[in-house]
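**Q** Structure in structure tokens, see below.
The values are calculated or read from the model by the stated rules, or taken from the named source; none is laboratory data. The structure displayed is predicted, hence computed values, not measured ones. Methodologically, a virtual Cβ is constructed for each residue, glycine included, from the backbone with ideal geometry; neighbour enumeration extends over all protein chains shown. In case anyone asks, the SASA skips ligands and DNA or RNA and just uses the protein heavy atoms, side chains included. Shrake-Rupley method; radii C 1.70, N 1.55, O 1.52, S 1.80 Å.
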Amino acid sequence: MDKQRVHTNPDHYAWLTDQLSPPSPLGSGLFRAFWVGGLICAIGQAISDIGTRWLDLSAQNASALTCITLILITALLTGVGVFDKIGKYAGAGSFVPITGFANAMVSPALEFRREGLVLGVGAKLFTIAGPVLVYGVGASVVYGIIYALFIH
């Protein structure tokens, strides 16, 4: 086989990718994403209900409890390597926003833990979260200034 032909012939490249790429089972992938994502949401709702009914928390405090608990569970599962397996099985269904954000923060930190607590874990912990936090803090400062000057 001519190496030049592989790189310049789009039909040959398409044939190669069809031969070497495994088929993607769309129906079962959607079903797995649906039931795992639904289960995560149901767990979140159960935590919120426990907060409001058994712990006598307000709805706002129960919501905060839910977020904190889901982040903690996801961080722990990521740390022991279970959440990655869930992600491979369920795909996007496991990355309901709060759990996906927690996983995205913990994964880079774990990858660089050999470099030490400050330069490894500390620096990489905010690889994903850094821009989000900077935007959030910056937007809240701008909002606070506008509120103080024009609304209050």
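**Q** Do any residues in the stretch 67-85 that are within 18 Å of ASP49 (Cβ to Cβ) have Cβ atoms under 7 Å from those of residues that are among the polar types (S, T, N, Q) and open to solvent by less than 70 Å² (accessible area, probe 1.4 Å), where the two are at least six apart or on different chains, and which pairs are they?
**A** Between residues of the stretch 67-85 that are within 18 Å of ASP49 (Cβ to Cβ) and residues that are among the polar types (S, T, N, Q) and open to solvent by less than 70 Å² (accessible area, probe 1.4 Å), the close pairs are LEU70/THR99.
**Q** Restricting to the stretch 27-72, give me the number of residues that are closer than 13 Å to PHE95 by Cα and surrounded by 16 or more Cβ atoms within 10 Å (Cβ to Cβ). I'd like the intermediate steps shown before the answer.
**A** Of the residues in the stretch 27-72, the ones closer than 13 Å to PHE95 by Cα are 32-41, 70-71.
Now drop any that are not surrounded by 16 or more Cβ atoms within 10 Å (Cβ to Cβ), which leaves 32-33, 36-37, 40, 70-71.
Qualifying residue count, the stretch 27-72: 7.
**Q** What pairs come up if the first residue lies in the stretch 105-116 and is over 11 Å from GLY79 (Cβ atoms) and assigned to a loop (DSSP other than H, G, I, E, B), the second is at pLDDT below 75 and open to solvent by 40 Å² or more (accessible area, probe 1.4 Å), and their beta carbons are under 6 Å apart, counting only those six or more places apart or on different chains?
**A** Listed by first residue and then by second, the contacts come to PHE112/LYS124.
**Q** With respect to LEU16, is the statement that it is at pLDDT below 85 and open to solvent by less than 50 Å² (accessible area, probe 1.4 Å) true?
**A** Details: at pLDDT below 85: yes; open to solvent by less than 50 Å² (accessible area, probe 1.4 Å): yes.
In short, yes.
**Q** Please enumerate the residues belonging to the stretch 77-90 that are open to solvent by 30 Å² or more (accessible area, probe 1.4 Å) and part of a helix (DSSP H, G or I). Write out each step before concluding.
**A** First, pick out the residues of the stretch 77-90 that are open to solvent by 30 Å² or more (accessible area, probe 1.4 Å): 77, 79-80, 82, 84-86, 88-89.
LEU77, GLY79, VAL82, ASP84, LYS85, ILE86, LYS88, TYR89, listed by residue number.
**Q** So, in the stretch 75-113, how many residues would count as being hydroxyl-bearing (Ser, Thr, Tyr) and within 21 Å of GLY29 (Cα to Cα)? Break it down stepwise before answering.
**A** The initial filter retains those residues of the stretch 75-113 that are hydroxyl-bearing (Ser, Thr, Tyr), namely 78, 89, 94, 99, 107.
Of the ones still in play, those that are also within 21 Å of GLY29 (Cα to Cα) are 89, 94, 99.
Count: 3.
**Q** Look at PHE126 and say whether it is modelled with pLDDT of 85 or more and either surrounded by 11 or more Cβ atoms within 10 Å (Cβ to Cβ) or closer than 27 Å to GLY37 by Cβ (or both). Walk me through how you get there before you give the answer.
**A** Numbers: modelled with pLDDT of 85 or more: no; either surrounded by 11 or more Cβ atoms within 10 Å (Cβ to Cβ) or closer than 27 Å to GLY37 by Cβ (or both): yes.
So PHE126 does not fit the description; no.
**Q** Find all pairs meeting these conditions: Cβ atoms under 7 angstrom apart; at least six residues apart or on different chains; first residue within the stretch 25-45 and more than 20 Å from CYS67 (Cα to Cα); second residue open to solvent by 40 Å² or more (accessible area, probe 1.4 Å).
**A** These pairs meet every condition: ARG32/TYR89; ALA33/ALA92.
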